[in-house]
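Down below is the structure, laid out as structure tokens.
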Amino acid sequence: MTMLKQFSAVVLGLGNIGYRYDKQGGDRITTHAKAFSMHSGFELVAGVDTSPEACADFHEAYQLPTYTNLERLFSEQQVDVIALAVPTCEHFSFFQKAMAFRPKAILCEKPIASNSQQAQAMLSQAQHESVFLALNYIRPYEPATAAMIERIRQHAFGVIQKGCVRYVKGLANNASHYINLLLHLWGLPDAVELISAGKPGLEDPEPDFVLRWGENRIYFLALDDHYYSVSEFELWGTAGAVYYRNMGREIVYADVAENSAFSGYKALQLQHTEATDLMRYQWYSADYLFKQLVSQVPDYRSAEMACETLIVVEKILAQLQETL
Ligand SMILES: NC(=O)c1ccc[n+]([C@@H]2O[C@H](COP(=O)([O-])OP(=O)(O)OC[C@H]3O[C@@H](n4cnc5c(N)ncnc54)[C@H](O)[C@@H]3O)[C@@H](O)[C@H]2O)c1
């Protein structure tokens, strides 16, 4: 059965996540432009970017109109959905510009804004004006990752004792993906503890730090992406373990069994490995947005959690400031 296209969509910011990542071709769906063009609930109608080169490139690929500002777009057409994919420092001002045209929804890139005051103001305004605001922390929308989150929440691995996240390229840009994922599991942490400040002089710092929920500590370790990229975590529970590997493209589950080499001892035993569909993450994000749009009561939880994620990031930054 073919689903009727229901919502017109534009991408504001035709850079990496807006349009460019998918220029590599193949089955991947890693941009807003490709996701809206592939999902039957949306019709991609235009692209907006201040750069004429970015507009020309997008036009060549999609044969759709482009605009160098939102005002010109909205003088010509009404649009249901705006993907906000400009640099983070521009999110707040472009959110307000977009809100002036009363779209049905805004899908905002992460981090939601430059600071938590702006983030909270965006959430409040969206709720007050009944414009659905969703945040593009991609992982919880991907089905295998969502199932993993649910299994951990249901204590399939017992009580989590400890965990470890390894990340590169910035606290706000990349570690925040995992802070956000852990908030899905346990809400705001009880404590944030800085371990070490990391390389000096970075625009987006790369500290090692711990998030603590009760006695459960999750260690975040920053690695240098000069050598290779890494984005992964492990959680060890009382009844098993989860390994989220290879940028999140596979999940390894382990349970507890008798140790075959040493009687009387128990060991972690790899149970199975599951491939995720992370290279089509943006389709799932669009699908989440679509389902929210057709539901009677859209859920602002992804935006609320993005605000909370930023609050945790700011707590780490405040501790970093104290070390200077
Ligand atoms: N969800 C994810 O996993 C993910 C991945 C990558 C980037 N991001 C986020 O997406 C956002 C964009 O990142 P990017 O890597 O695509 O950046 P980018 O620099 O590649 O692209 C940004 C685009 O916005 C355009 N732009 C800048 N100012 C503008 C303005 N005032 N009006 C219209 N267009 C403007 C630029 O010309 C550029 O084409 C950031 O917030 C980033 O953190 C999220």
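Can you spot a residue in the stretch 149-163 that is in the same structural domain as Val48 (by TED's automatic domain parsing), surrounded by fewer than 19 Cβ atoms within 10 Å (Cβ to Cβ) and more than 16 Å from the ligand (Cβ to nearest atom)?
Checking the stretch 149-163: not a single residue is in the same structural domain as Val48 (by TED's automatic domain parsing), surrounded by fewer than 19 Cβ atoms within 10 Å (Cβ to Cβ) and more than 16 Å from the ligand (Cβ to nearest atom).
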Practice problem: Using the structure shown, decide if Val86 is crowded, with 16+ Cβ neighbours inside 10 Å and either away from the ligand (no atom under 11 Å from the Cβ) or charged (D, E, K, R) (or both). | Solution: no
Quiz item: Has the stretch 256-277 got any residue that is within 16 Å of the ligand (Cβ to nearest atom) and either outside the structural domain of Asp80 (by TED's automatic domain parsing) or closer than 23 Å to Ala35 by Cα (or both)?
Solution: yes
Quiz item: What is the residue count in the stretch 236-295 for residues that are over 21 Å from Ala134 (Cα atoms) and assigned to a loop (DSSP other than H, G, I, E, B)?
Solution: 11
Quiz item: So how many residues does the stretch 43-64 have that are in contact with a Leu (Cβ under 8 Å, 6 or more places away or on another chain) and away from the ligand (no atom under 11 Å from the Cβ)?
Solution: 5
Quiz item: Which one of these is touching a helix residue (DSSP H, G or I) at 6+ places or on another chain (Cβ under 6 Å) and buried (at least 16 other Cβ atoms within 10 Å of the Cβ): Tyr62, Tyr67?
Solution: Tyr67
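Residues of the stretch 142-172 being within 21 Å of Ile29 (Cα to Cα) and out of contact with any strand residue (DSSP E or B) (no Cβ under 9 Å at 6 or more places or on another chain), which ones?
Glu142, Pro143, Ala146
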Quiz item: Which residues, taken from the stretch 65-83, are free of Cβ contacts under 8 Å to residues at least 12 places away in the same chain and away from the ligand (no atom under 13 Å from the Cβ)?
Solution: Ser75, Glu76
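Which members of the stretch 91-110 meet the condition of being assigned to a loop (DSSP other than H, G, I, E, B), surrounded by 16 or more Cβ atoms within 10 Å (Cβ to Cβ) and more than 9 Å from the ligand (Cβ to nearest atom)? Give the steps one after another, and end with the answer.
Within the stretch 91-110, the subset assigned to a loop (DSSP other than H, G, I, E, B) is 100-104, 109-110.
Okay, now just the ones that are also surrounded by 16 or more Cβ atoms within 10 Å (Cβ to Cβ), so 103-104, 109-110.
Those that are assigned to a loop (DSSP other than H, G, I, E, B), surrounded by 16 or more Cβ atoms within 10 Å (Cβ to Cβ) and more than 9 Å from the ligand (Cβ to nearest atom): Pro103, Lys104.
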Quiz item: Does the stretch 181-193 include one or more residues that are surrounded by fewer than 19 Cβ atoms within 10 Å (Cβ to Cβ), touching a residue at least 12 places away in the same chain (Cβ under 8 Å), touching a strand residue (DSSP E or B) at 6+ places or on another chain (Cβ under 8 Å) and in a strand (DSSP E or B)?
Solution: yes
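The values are calculated or read from the model by the stated rules, or taken from the named source; none is laboratory data. All figures in this text were calculated on a predicted structure; none of them were measured in a lab. FYI the Cβ positions are ideal-geometry reconstructions off the backbone, even for glycines, and counts take in every protein chain you see.
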